[in-house]
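Take a look at the structure below.
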Number of protein chains: 2
Amino acid sequence: MGFIGFGKVSKNLVEMIKSEEIMFVTSAENRSSETVENIRKSDVRILDTFKDVAIQSDILISANSPKNALNIAREYGKYAKGIYLDLNNISPDTAHEINEHADNLVDGAIIGKIDSPNPTLLISGENADDLLFLSDFIKTVKISDRIGDASILKMLRSTYTKTLSALLIESHEIAKIHNLEEEFFDVLSLTEGKDFREKSLSRINNTLKSSKRKSEELEEIISYFNENELIMVKAALKKLNQ
Amino acid sequence: MGFIGFGKVSKNLVEMIKSEEIMFVTSAENRSSETVENIRKSDVRILDTFKDVAIQSDILISANSPKNALNIAREYGKYAKGIYLDLNNISPDTAHEINEHADNLVDGAIIGKIDSPNPTLLISGENADDLLFLSDFIKTVKISDRIGDASILKMLRSTYTKTLSALLIESHEIAKIHNLEEEFFDVLSLTEGKDFREKSLSRINNTLKSSKRKSEELEEIISYFNENELIMVKAALKKLNQ
C-alpha cells in the first residue's frame, strides 16, 4: 500500500491498518521537513521517488489536497497497476477527470475527522469491492459502482450539516436575545436527543471559528448542485458571511 | 379545574389528570354538538354558564383557539379568582394583553401533540409554581416568572423545527436527483442518530402535507422576532412556498 502525500490522513491510516500482511511505502521526494518527520515516525518504507511508490503498490492512495489531486493522477496514475484510491476531498467532477488518468480508480471520501473515534470511509467505483477488506480497520461503505458517487454523497452530507449549523447559529442568537438560551436547548432536547445542547454548541462554535472555509465549501456545493435552486443552502452561505 | 373550550387539549387533559381530589367542570353554553358530545363522554360536570365555570374553578383553563383567546380573557378573566391558565397557542404579545384581564395568569404552551406519548407543558408567570403539581400527570416545566416566555420558547422551538424541515426537504430533493436517497439517510445516521431516516421522512411528509399552515406559522415567527434578520427562517418560508 503506497501513499502519495503523507499528512494527517495517511499517517492515521497507517496507524489504523495494522496487519502483518500489509507493507506501507511512500517517498520523501520534494516533501516538507514536517512531512518527512511524519514519515520517519510511522512504520513506512521510504522509496526514492513517487514513481517507484506508484509502480510497487497494489493499492496506491493519493492523499494530498483537493488542488493537487488531478496533477498527481496525471503524473503517477499511469504507473499504478493496482487500485488507485483518491482521498483528496475532491469534487465529483474532479473524480471523473482523474478517472481518465488512473485505470482502476476508486473514489473515496472520509466522513468525520480521520482522528475522531469513528471515521467512515465511503468508496465508489467498479473496483471498490477490492477495498472492502479495509472494514477490518476502518468502517468502509461501498456506495455504488459509479465514480463520483462517494464525493457527491460527501457533498450532500455537507449540504445538510453546514446548513444546519447556520440554522443553529440563527436560532441560538434569537434565544440569547430573549434570555432563553438554556431553555431553548432543554426544550429541543426533548425531541432531538439528550446530546442536543452539547452537539449544537460544538457545531455553532466550529462553524463560527472556520466560517471562511465553511463558506467556501458552501459555494462549491451551490455551484455543483446547480440544477436545484438551493434556497436553504444559499441562505446558509449568506448567514455565514453576515 | 374548569375548562373554557373542550376540544382535543381539554379532553386529553381530563383523561391524563386522574385524581380523586380534582373535579372538572365546564359548560355546554353555545357549544357545537360535537363539543357537547366530547363533554358527555368525559368525566366532567356541566355547569349552566362559563361565568359559573370561571367563578367556581381554582384553576381555569382557556383552551379554545389563538383567535378567541383574548376575547375569552376579556369576558371571563375578571371572574377567575384562582389561576388562569392559557393554553391557546398564543403569541407572546397576546399573552401580555391577556395578562391585563386575568389576575393570576399562567402562560402555557404544549410541546408535542397532546395525544402523543410524551407531551410537555411549558409554563411561565409568577403563579406558575402553583401548577407544578401537574407534573404528576403530564411533564410540566416552569420556564420563568415572565408572562410570555412559555409562548416565546414555543416559537423558538418552531423556528428551529420548521426551518429544519425545510432544509430536510431541500437536501432530500438533491439526494433523489442523484439517486442517493437511501445513502443520504445512511450516511447522516452515522452522526445524527439511528432514527434519522424515519424522523426526517416524517418531518418532510408532515411539512409538505400542511405547508400552508406551516408557512403561516413561519410568517408569525418572522413578524415576532423582527429584531433579527432571520435569514434562515425567511429562506424556509420561501422554500415552503416554492
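The values are calculated or read from the model by the stated rules, or taken from the named source; none is laboratory data. Computed from a predicted structure; not experimentally measured. All Cβ positions, even for glycine, are placed from backbone atoms using ideal geometry, and neighbour counts span all protein chains on display. These accessible areas exclude ligands, DNA and RNA; they are computed on the full protein's heavy atoms, side chains included. Shrake-Rupley method; radii C 1.70, N 1.55, O 1.52, S 1.80 Å.
For region A:21-76, give the magnitude of the charge dipole about the Cα centre (Cβ charges: +1 Lys/Arg, -1 Asp/Glu; no others), in debye to the nearest 20. Present the calculation step by step, with values, prior to reporting the outcome.
Numbers: 7 positive and 9 negative charges, 41 e Å.
In total the dipole reaches around 200 debye.
For A:Ser144, enumerate residues with amide H under 5 Å from its amide H, sequence gap 5+ or separate chain, H modeled in the peptide plane.
Distant-sequence amide H within range of A:Ser144: A:Gly125.
Which log10 I(q)/I(0) values, to two decimals, does the protein assembly as shown give at q = 0.06, 0.08, 0.12 Å⁻¹ under the Debye formula with one point per Cα?
Log10 I(q)/I(0), no solvent term: -0.39, -0.61, -1.01.
List the distances, in nm and shortest first, from the label point of A:Lys113 to the matching label points in every other copy, placing each point 7 Å from Cα along the Cα-to-Cβ direction.
Spelled out, the distances from A:Lys113's label point are 4.2 nm.
Looking for one value pair here: nearest-to-axis residue in chain A (by Cβ) for the rotation onto B, and the distance in whole angstrom.
With distances in whole Å, chain A gives A:Ala235, 2.
Which residues among region A:1-33 fall inside the zone where the amide N is under 14 Å from a point 7 Å beyond the Cα of A:Arg40, along Cα→Cβ?
Correct set: A:28, A:31-33.
For region B:34-188, what is the per residue volume of the convex hull drawn over the alpha-carbon atoms, in cubic angstrom? The partial results should precede the final answer.
On the way: hull volume 24.9 nm³, N = 155.
In region B:34-188, the Cα convex hull volume per residue is 161 Å³.
Which Rg and Dmax, in Å, describe the Cα atoms of region A:79-170?
14.1, 51
Within the protein assembly as shown, what whole-number % of the accessible surface is contributed by carbon and sulfur, with the 1.4 Å probe and all protein chains included in the calculation?
On the way: 9910 of 22770 Å².
Here it works out to 44 percent.
How large are Rg and Dmax for region B:65-114 when calculated on the C-alpha trace, in angstrom?
10.3, 31
How far is A:Asp129 from the same spot in each other copy, in nm, shortest first, if each label point sits 7 Å from Cα toward Cβ?
When each copy's label point is compared with this one, the spacings are 7.1 nm.
Consider a paramagnetic label point 7 Å from the Cα of A:Glu198 along Cα→Cβ; state which residues of region A:111-128 have an amide N under 17 Å from it.
A:116-118
Given region A:1-111, what whole percent of its Cα pairs are spread farther than 20 Å?
Details: 2014 of 6105 pairs.
Across region A:1-111, Cα pairs with separations above 20 Å total 33 percent.
Between A and B, buried accessible area summed over both sides at probe 1.4 Å, in Å² to the nearest 100? Could you put the intermediate results ahead of the total?
Details: alone 13710 and 13730 Å², together 22770 Å².
Chain pair A/B: roughly 4700 Å² of buried accessible area.
Quick one: label points 7 angstrom along Cα→Cβ at B:Lys81, distances to the other copies in nm, smallest first?
9.9
Pick out, in residue order, every one of the trypsin sites (Lys or Arg not before Pro) in region B:39-117 that is DSSP loop and has at most 13 other C-beta atoms within 10 Å; say none if there are none. It would help to have the intermediate numbers written out before the result.
Working: sites: B:Arg40, B:Lys41, B:Arg45, B:Lys51, B:Lys67, B:Arg74, B:Lys78, B:Lys81, B:Lys113; in loops: B:Lys67, B:Lys81, B:Lys113.
Passing sites in region B:39-117 are B:Lys67, B:Lys113.
Tell me, what is the per residue accessible area of chain B in Å², probe radius 1.4 Å? Write down the numbers at each step before the final one.
On the way: 11400 Å² over 242 residues.
Heavy-atom accessible area per residue stands at 47 Å².
Please give the contour-minus-distance gain from A:Glu216 to A:Glu97: 0.36 nm per residue of separation, less the Cα-Cα distance, rounded to one decimal in nm.
Details: separation 119, 0.36 × 119 = 42.84 nm, distance 2.15 nm.
Working it through step by step, the gained length comes to 40.7 nm.
Considering only DSSP states other than H, G, I, E and B, which GluC sites (Glu not before Pro) in region A:1-102 qualify as loop sites with at most 10 other Cβ atoms within 10 Å? Display every interim value, and only then the final one.
On the way: sites: A:Glu15, A:Glu20, A:Glu21, A:Glu29, A:Glu34, A:Glu37, A:Glu75, A:Glu97, A:Glu100; in loops: A:Glu20, A:Glu21, A:Glu29, A:Glu100.
Qualifying residues, ordered by number: A:Glu20, A:Glu21.
Please state, to two decimals, what the Cα-based radius of gyration of region B:153-240 comes to when divided by 2.2 N^0.38 Å (N = residues). Present the calculation step by step, with values, prior to reporting the outcome.
Working: Rg = 13.8 Å, N = 88, 2.2 N^0.38 = 12.1 Å.
Compactness ratio reported: 1.14.
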